[in-house]
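The values are calculated or read from the model by the stated rules, or taken from the named source; none is laboratory data. Computed from a prediction, not measured in an experiment: that's the story for all the values here. So basically every Cβ, Gly included, is an ideal-geometry build from the backbone, and we count neighbours across all protein chains shown. When the accessible area is computed, the model is the full protein with side chains, heavy atoms only, and any ligands, DNA or RNA have been set aside. Shrake-Rupley method; radii C 1.70, N 1.55, O 1.52, S 1.80 Å.
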Amino acid sequence: IMIDPMANIDAPDPGMDAAGGGGADGNQEVFDMNAYRSNLRKMDKIRSFMGIASGCVAGVCGLTGLSGLACFIILHIAVNLSLLAFKMKFDLHSYSRESMFAFLTADFQKCAMSFMLFW
């Protein structure tokens, strides 16, 4: 069952399928695409802001070369782990169909561009 605490959208009542009808066994999985899109938009905003903020941090601290890249990678993974811990309660598969690696590296290239712009 997909429950979305970020968008305040809950799953339907138990025994109801995605179309609103009752399931024969009562164990049907519900995946709400509207909640999924809302989650993706909010995570995209958080990750984009993280790229900008980490670029500023790396620039102010004078991190250049590989140390700046390491700063970005560490902060990117830390923000994704924070999302996973505080918003998803480490239950990734209730909110997404991605693997753990795909979730941790999502939007990596786009955030890297924001990071480089503000570095």
(request) Name every residue in the stretch 29-83 that is open to solvent by 50 Å² or more (accessible area, probe 1.4 Å) and touching a His at 6+ places or on another chain (Cβ under 9 Å), in order of residue number. (result) none
(message) Going residue by residue through the stretch 85-92, is there one that turns out to be at pLDDT below 90 and open to solvent by less than 60 Å² (accessible area, probe 1.4 Å)?
(response) yes
